[in-house]
Amino acid sequence: MAAEFDLIVIGSGPGGYVAAIRASQLGQKVAIVERESLGGICLNWGCIPTKALLKSAEKYESLSHLKDYGLSADKVGFDFDTIIQRSRGVAATMNKGVTYLMKKNKIEVIEGTAKLEKGAAAPKVIVALKAGGSRTVEAKAVMLAVGARAKAIPQIGLEADGDRIWAYREAMAPKKMPASIVVIGSGAIGVEFGSFYRALGAEVTIVEAVDRIMPVEDEEVSKAAQKAFEKRGMKFRTGCKVTKVSKGGKGVQVAIEAGGKAETLEAEVCISAVGITANTDGIGLEALGVNMDRGHITIDGHCQTNVKGLYAIGDCAGAPWLAHKASHEGIHAAEHIAGYKTPNVNSPIAGCTYAQPQVASVGITEQGAREAKREVKVGRFPFRVNGKAVAAGEVEGFVKVIFDAKTGALIGAHMIGHEVTEMIQGYVTAIAMEATEEDIHGIVYPHPTMSEAMHEAALDAYGRVIHI
């Protein structure tokens, strides 16, 4: 059978659909296989609709501080069903947008579930069609962008049931607002859901296995985040092992152990945010001999697997499990397939958490640098003395930067505060461009802006800070 396409992309999340578009721009004939909804988990059940929920929570929470701005309002409240409906509406809008982009770029969408078999230039793709029957398609290259799903731990009862135990899907579209929640896991997903439900009045307790929350973040940011969340009424249990999750009565019981002591937490629902499992099972990878690492596909610097013509990007190909990383890899792989002489994928990837306050970071943490025995210069600047932050009433948090002491290169940046997820890209660009302290010190930042704290933090690392 002759190759029908230049490229078949399996999965239409932010990695897959972006890769398909870039391949089409490069003159490739492209098909994309999707078993559920265009846009994948990110657009339909993840990144985008969760931000809609968090924006509603942020708006509602800000109403309790109106008097600080000389304002007042009567009968403040919220309609939980409308909040959820708005979020689902945002997801539907984004899905329609991807549908339009597929048509615009002449990408054939095949609705169904794909499985791979040995082929000529690349593996064959056999699709069990949604409409019934099957279709076999071949291409010069196949790209896996199959993503991941919420991790379950059935041996301790931590498995979403759509009722009392939730993963991200259930937490995004519940039937009613819960009065109390235990969240297991304090990464971005756990903290964001905890922040959302706490803002609307739920009693929230977050359980974390290690000794601090948000363990991938810089330790100073982690500690500041916990303090800020506790001010909002969230509770934490760190250094805890979850031994059993069970349902009983009108709620759920979460048994934990810490320091040799056992405790049982009770709540109306439990949200599992303990990580992800790549969607690499059942698609024929074992028969093809694809190299794997703990359930994830092993790739090289161009996103190629060890199987001829087979590429993999995004969550299924390993950490970091972020939408923008998947998009970046997808574009790179599409260009490599089209014959571009591209350098290896090697761009700094920022991590963002959209709770209140927000957390954003890129590069190495201070403790990571010291563990690697790197000599560093560290600078910090608090928002409480930034003019724009004071005027806006958003003084919580700080900016922290890490420079290599020998070369002056910026190697890490960490922020906590209002809209820092919008600010972090400045440091991402700086690291990608191999900026040094002299470069950053010489940049003129507009005044008044919260981004001035980025400049001051860089000055502080070298004893030149102005406003503290």
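The values are calculated or read from the model by the stated rules, or taken from the named source; none is laboratory data. Not measured: the values here are computed from a predicted model. Using ideal geometry, Cβ is built from the backbone for each residue, glycine included, and neighbour counts are taken over all protein chains shown. Calculation scope for accessible area: heavy atoms of the full protein, side chains included, ligands and nucleic acids excluded. Shrake-Rupley method; radii C 1.70, N 1.55, O 1.52, S 1.80 Å.
Some observations on this one:
- Of everything in the range 40-84 that is in contact (Cβ under 8 Å) with a residue 24 or more places away in the chain and not in a helix (DSSP H, G or I), the residue that is least open to solvent (accessible area, probe 1.4 Å) is Gly46.
- Ala432 being under 23 Å from Asp315 (Cα atoms) and open to solvent by 50 Å² or more (accessible area, probe 1.4 Å): yes
- The criterion of at least 3 residues that are under 26 Å from the mean Cα position of the chain (by Cα) and more than 21 Å from Ala355 (Cα to Cα) is met by the following helices (runs of 4 or more DSSP H) wholly inside the range 373-468: 420-432.
- Residues of the range 216-258 satisfying the condition of being of a type in the set (A, V, I, L, M, F, W, C) and open to solvent by 90 Å² or more (accessible area, probe 1.4 Å): Val216
- Looking across Ser37, Ser12, one residue alone is in contact with a Leu (Cβ under 9 Å, 6 or more places away or on another chain), of a type outside the set (A, V, I, L, M), surrounded by fewer than 24 Cβ atoms within 10 Å (Cβ to Cβ) and within 29 Å of Arg88 (Cα to Cα). It is Ser37.
- When we screen Val395, Val399, Val390 for residues that are buried (at least 19 other Cβ atoms within 10 Å of the Cβ), of a type outside the set (S, T, N, Q) and in contact with a Phe, Trp or Tyr (Cβ under 9 Å, 6 or more places away or on another chain), the only hit is Val399.
- When the range 284-298 is filtered for residues that are of a type outside the set (S, T, N, Q), assigned to a loop (DSSP other than H, G, I, E, B) and closer than 20 Å to Ala141 by Cβ, the ones remaining, listed by number, are Gly284, Gly289, Val290.
- If the condition is being surrounded by fewer than 15 Cβ atoms within 10 Å (Cβ to Cβ) and outside any loop (DSSP other than H, G, I, E, B), then the range 98-110 contributes Tyr100, Lys103, Lys104.
- As a summary of the residue check, Met94 satisfies the conditions (1) closer than 24 Å to Ala173 by Cα; (2) surrounded by fewer than 13 Cβ atoms within 10 Å (Cβ to Cβ) except for the one numbered (2).
- Within the range 111-130, the set of residues being surrounded by fewer than 21 Cβ atoms within 10 Å (Cβ to Cβ), closer than 19 Å to Gly40 by Cα and not hydroxyl-bearing (Ser, Thr, Tyr) comprises Glu111, Gly112, Lys115, Ala128, Leu129, Lys130.
- Take the conditions (1) within 17 Å of Ala333 (Cβ to Cβ); (2) open to solvent by less than 40 Å² (accessible area, probe 1.4 Å); Cys270 misses just one of them, which is (1).
- Residue within the range 267-283 that is in a loop (DSSP other than H, G, I, E, B), polar (S, T, N, Q) and either modelled with pLDDT of 95 or more or within 30 Å of Ala145 (Cα to Cα) (or both) present: yes
- Candidate set: the range 299-328, residues that are in a loop (DSSP other than H, G, I, E, B) and in contact with a helix residue (DSSP H, G or I) (Cβ under 8 Å, 6 or more places away or on another chain); chosen: the one nearest to Ala122 (Cα to Cα): Val307
- Screening Ala120 against (1) assigned to a strand (DSSP E or B); (2) modelled with pLDDT under 95 leaves a single unmet condition, (1).
- Where a residue in the range 213-236 is without any contact (Cβ under 8 Å) to a residue 12 or more places away in the chain and under 22 Å from Val378 (Cα atoms) and its partner, wherever it lies, is open to solvent by 10 Å² or more (accessible area, probe 1.4 Å) and not in a helix (DSSP H, G or I), with Cβ under 8 Å and at least six apart: Ser222/Arg212; Ser222/Pro215; Lys223/Arg212
- Tally of residues being out of contact with any helix residue (DSSP H, G or I) (no Cβ under 9 Å at 6 or more places or on another chain) and open to solvent by 40 Å² or more (accessible area, probe 1.4 Å) across the range 176-187: 1
- For the range 414-468, a residue qualifies if it is touching a residue at least 12 places away in the same chain (Cβ under 8 Å), under 23 Å from Ala391 (Cβ atoms) and hydroxyl-bearing (Ser, Thr, Tyr), and the qualifying residues are Thr421, Thr449, Ser451.
- Residues of the range 288-314 satisfying the condition of being among the small types (Gly, Ala, Ser) and modelled with pLDDT under 95: Gly295, Gly301
- Tabulated pairs, the range 360-381, first modelled with pLDDT of 95 or more, second of a type in the set (Phe, Trp, Tyr), C-beta under 6 angstrom, 6+ apart or interchain: Val362/Tyr427; Lys377/Phe403; Arg380/Phe398
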